[in-house]
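Trainee: Pasting a structure below so you can have a look.
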Amino acid sequence: MGNDYTLDKLLDAIKENDLKVDNKAIIAAFKLAEKSHSGQKRASGQDFIIHPVATAIYLANLKMDQPTIMAGLLHDVLEDTPTTSEMLRKHFGKEVQTLVEGVSNLDKLKYHGNKYYIENLRKMFVAMAKDIRVILIKFADRLHNLQTLEHLPPEKQKRIAHESLEIYAPIAHRFGLGELKGNLEDWAFRYVYPEEFMWLNQRTIELYSEKANYLKNFKKEIRNLMNIENIQYNAIYDRVKRLYSLYRKLQKYNNDFSQIYDAIALRIIVPTISDCYTCLGIIHCKYRPLKGRIKDYIAQPKPNGYKSLHTTVFADGYELIEIQIRTPEMNTEALFGIAAHWDYKANEGKKSAKIKWVQELAQLSSQLKDDPQYLETLKLDIFQNQIFILTPKGDVIELPEHSTPIDFAYHIHTEIGNKCTNAKINGRIASLDSTLKNGDIVEIITDKNRKQPNIDWLKIVKTHTAKGKIKTALNKYRRAQIRNF
Ligand code: MN
């Protein structure tokens with residue numbers, strides 16, 4: 001690991017990913033980084049420059065833009081070299097300067113267990129809201145540090161690995177960065193739970209070799225089936241579940257491997273959404289599906305946006321295997337999430353829901369930063385599962401689990417929240433403190449004469465947005481009352 005991080009490899013990665021990047025600018029950034037870090041060594045004894053280059057290569061493979069890759073190369077120069085922020089601006093412009101500064105500011109966050117944990121998260125969100133690319137550079141930086149942890153003292157290994165599992169991986173997951181999340185988790189896993197890692201790693205290798213022949217035949221059968229039925233496909237392959245997510249699943253099932261049907265799954269990539277359903281149909285005609293295991297994450301995506309069809313079937317009449325069917329777009333989304341569809345400048349107007357969510361969080365966190373309860377809410381918002389609620393018109397509103405109609409009302413519009421009196425859930429009148437479930441259709445009944453929200457709602461609502469808006473409305477009303485006297 002780590003011997004092959006050279007400028008040439010970076011330029012190769014840029015070419016392979018077909019990035020619209022000016023190589024001259026990349027080379028200039030590389031030269032300044034190399035000069036700034038000259039004489040410095042990594043704990044492994046290698047020249048320090050391999051680290052920023054590794055970071056930049058990862059960013060190129062995430063198909064990031066030119067300033068991000070340049071900032072990846074330069075991300076450590078402000079910390080411990082004579083190069084200044086002003087020099088970055090002069091040589092490479094304000095965008096690269098701001099990105100590098102953003103990453104350097106995050107480096108100042110120290111991990112002290114629970115006490116500063118939430119505060120660190122808050123700072124990460126503020127940084128993300130300013131520019132999501134900062135966090136992607138930080139992720140790439142952290143991944144390479146994890147990959148080279150073996151050279152650090154054990155105590156430091158544990159700290160960095162823990163922090164990666166508890167802070168970095170959940171955020172990567174929340175942004176749908178599946179590939180990155182898997183990498184961060186599996187590299188951290190071997191340091192946080194070394195024995196479990198070794199056992200599971202070995203067990204997975206054995207499992208795969210036991211099944212190799214059967215998998216080969218099954219893939220052939222599926223290809224034949226697709227050809228007979230005349231369905232096009234982009235790819236059919238098997239994938240082994242990531243170790244840390246396998247570990248977590250095993251814990252739920254008392255380490256009983258026979259309960260895990262997706263340790264090895266078959267993935268079928270087909271051109272369109274309707275091909276996905278056709279493909280599922282022909283598979284179910286030929287192989288009996290296991291009851292309760294057919295999941296339509298296309299019609300109802302997972303909380304982080306994941307889409308696919310899943311089914312577990314009896315192949316060969318007895319052997320159970322999970323099959324995942326998706327389009328190339330869904331596959332890219334599953335692997336790269338926010339990095340796949342975040343167009344840094346072109347789409348200012350139509351930002352993705354995830355970007356809006358981050359900006360909202362950061363905005364509120366600066367307004368309410370002195371409220372200790374708020375920080376707890378923020379943590380819940382990040383790590384709770386999300387549910388999807390529908391408006392009567394069919395618009396989808398994403399909320400944390402256990403949200404109420406009041407949360408829903410405030411997410412639609414502040415005034416709808418302030419004036420709400422009742423709700424209809426799936427056509428039936430329901431009280432405002434009801435718990436919403438995924439897929440509920442919610443209609444809010446308002447009273448235009450209502451002057452202020454109910455103070456008790458603060459105890460009921462689950463989202464930071466609703467809480468913040470209720471407080472603002474109550475304060476405004478109180479000030480108006482005072483003025484009137
Ligand atoms: Mn670094």
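Conditions (1) within 16 Å of the ligand (Cβ to nearest atom); (2) touching a residue at least 12 places away in the same chain (Cβ under 8 Å); (3) outside any loop (DSSP other than H, G, I, E, B); (4) surrounded by fewer than 19 Cβ atoms within 10 Å (Cβ to Cβ), marked per residue:
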residue	(1), (2), (3), (4)
133	yes, yes, yes, no
146	yes, yes, yes, no
173	no, yes, yes, no
184	yes, yes, yes, no
189	no, yes, yes, no
199	no, no, yes, yes
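Trainee: Pairs please, first residue from the stretch 93-108 and hydroxyl-bearing (Ser, Thr, Tyr), second anywhere and modelled with pLDDT of 95 or more and part of a loop (DSSP other than H, G, I, E, B), Cβ atoms under 9 Å, 6+ apart in sequence or on different chains.
Mentor: From the stretch 93-108, the pairs are 104/75; 104/76.
Trainee: Exactly one of (1) over 30 Å from residue 175 (Cβ atoms); (2) part of a strand (DSSP E or B); (3) touching a helix residue (DSSP H, G or I) at 6+ places or on another chain (Cβ under 7 Å) is unmet by residue 399. Its number?
Mentor: Of the numbered conditions (1) over 30 Å from residue 175 (Cβ atoms); (2) part of a strand (DSSP E or B); (3) touching a helix residue (DSSP H, G or I) at 6+ places or on another chain (Cβ under 7 Å), the odd one out for residue 399 is (1).
Trainee: Is it fair to say residue 205 is modelled with pLDDT under 90 and assigned to a helix (DSSP H, G or I)?
Mentor: Taking the combined requirement at face value, the residue does not satisfy it.
Trainee: Next question. Condition first: surrounded by 15 or more Cβ atoms within 10 Å (Cβ to Cβ), in contact (Cβ under 8 Å) with a residue 40 or more places away in the chain and over 20 Å from residue 180 (Cα atoms). Can you find one or more residues in the stretch 281-296 that meet it?
Mentor: yes
Trainee: If you don't mind, there's one more thing I want to ask. Looking at 155, 150, 166 in this structure, which one is away from the ligand (no atom under 16 Å from the Cβ) and either under 28 Å from residue 400 (Cβ atoms) or of a type in the set (A, V, I, L, M, F, W, C) (or both)?
Mentor: Numbers: 155 fails: either under 28 Å from residue 400 (Cβ atoms) or of a type in the set (A, V, I, L, M, F, W, C) (or both); 150 fails: either under 28 Å from residue 400 (Cβ atoms) or of a type in the set (A, V, I, L, M, F, W, C) (or both).
Just one listed residue meets the conditions, 166.
Trainee: Okay, next question. Failed condition for residue 163, given (1) surrounded by 16 or more Cβ atoms within 10 Å (Cβ to Cβ); (2) modelled with pLDDT under 90; (3) more than 28 Å from the chain's Cα centre (by Cα), with all others met?
Mentor: It fails just one condition, (3).
Trainee: I need the full set of residues from the stretch 271-298 which are in a loop (DSSP other than H, G, I, E, B) and among the small types (Gly, Ala, Ser), in order please.
Mentor: First, the residues of the stretch 271-298 that are in a loop (DSSP other than H, G, I, E, B): 271-272, 287-288, 290-294, 297-298.
Once the filter is applied, which keeps residues that are in a loop (DSSP other than H, G, I, E, B) and among the small types (Gly, Ala, Ser), the stretch 271-298 yields only 292.
Trainee: Something else now. Only one residue in 262, 238 is in a strand (DSSP E or B), of a type outside the set (A, V, I, L, M), in contact with a strand residue (DSSP E or B) (Cβ under 7 Å, 6 or more places away or on another chain) and surrounded by 15 or more Cβ atoms within 10 Å (Cβ to Cβ). Which one?
Mentor: Working: 262 fails: in a strand (DSSP E or B).
Going through 262, 238 in turn, just one is in a strand (DSSP E or B), of a type outside the set (A, V, I, L, M), in contact with a strand residue (DSSP E or B) (Cβ under 7 Å, 6 or more places away or on another chain) and surrounded by 15 or more Cβ atoms within 10 Å (Cβ to Cβ): 238.
Trainee: So which of 94, 115, 110 is at pLDDT below 80, of a type outside the set (A, V, I, L, M, F, W, C) and under 29 Å from residue 336 (Cα atoms)? Spell out the reasoning first.
Mentor: Numbers: 94 fails: at pLDDT below 80; 115 fails: under 29 Å from residue 336 (Cα atoms).
Just a single option satisfies the conditions, and that option is 110.
Trainee: Would you point out the residue of the stretch 5-27, among those that are among the aliphatic types (A, V, I, L, M) and part of a loop (DSSP other than H, G, I, E, B), that is modelled with the lowest pLDDT? Let's see the steps before the verdict.
Mentor: Restricting attention to the stretch 5-27, the residues satisfying the condition of being among the aliphatic types (A, V, I, L, M) are 7, 10-11, 13-14, 19, 21, 25-27.
Next, from what is left, pick out any that are part of a loop (DSSP other than H, G, I, E, B): 19, 21.
Working: 19: 91, 21: 94.
Per the criteria, the residue is 19.
Trainee: For the stretch 454-471, give me each residue that is modelled with pLDDT under 90 and in a loop (DSSP other than H, G, I, E, B).
Mentor: 462, 463
Trainee: Return yes when residue 241 is among the charged types (D, E, K, R), in contact (Cβ under 8 Å) with a residue 12 or more places away in the chain and out of contact with any His (no Cβ under 9 Å at 6 or more places or on another chain) and no when it is not. Spell out how you get there, then give the answer.
Mentor: Details: among the charged types (D, E, K, R): yes; in contact (Cβ under 8 Å) with a residue 12 or more places away in the chain: yes; out of contact with any His (no Cβ under 9 Å at 6 or more places or on another chain): yes.
Yes, satisfied.
Trainee: Hey, another quick one. Just one of 285, 276 is modelled with pLDDT of 90 or more and closer than 30 Å to residue 175 by Cβ; which is it?
Mentor: Values: 285 fails: closer than 30 Å to residue 175 by Cβ.
Within the list 285, 276, the selection yields 276.
Trainee: When residues of the stretch 190-214 are filtered for being within 30 Å of the chain's Cα centre (by Cα) and within 15 Å of residue 265 (Cβ to Cβ), how many remain? Give the steps one after another, and end with the answer.
Mentor: At the first step, the residues of the stretch 190-214 found to be within 30 Å of the chain's Cα centre (by Cα) are 190-205, 207-208.
This time we only want the ones that are within 15 Å of residue 265 (Cβ to Cβ), so: 204, 207-208.
Adding up the residues that qualify gives 3.
The values are calculated or read from the model by the stated rules, or taken from the named source; none is laboratory data. Because the structure is predicted, anything quoted here is derived from the model rather than measured. Here the Cβ is made from the backbone with ideal geometry for all residues, glycine too, and neighbour counts use every protein chain on show.
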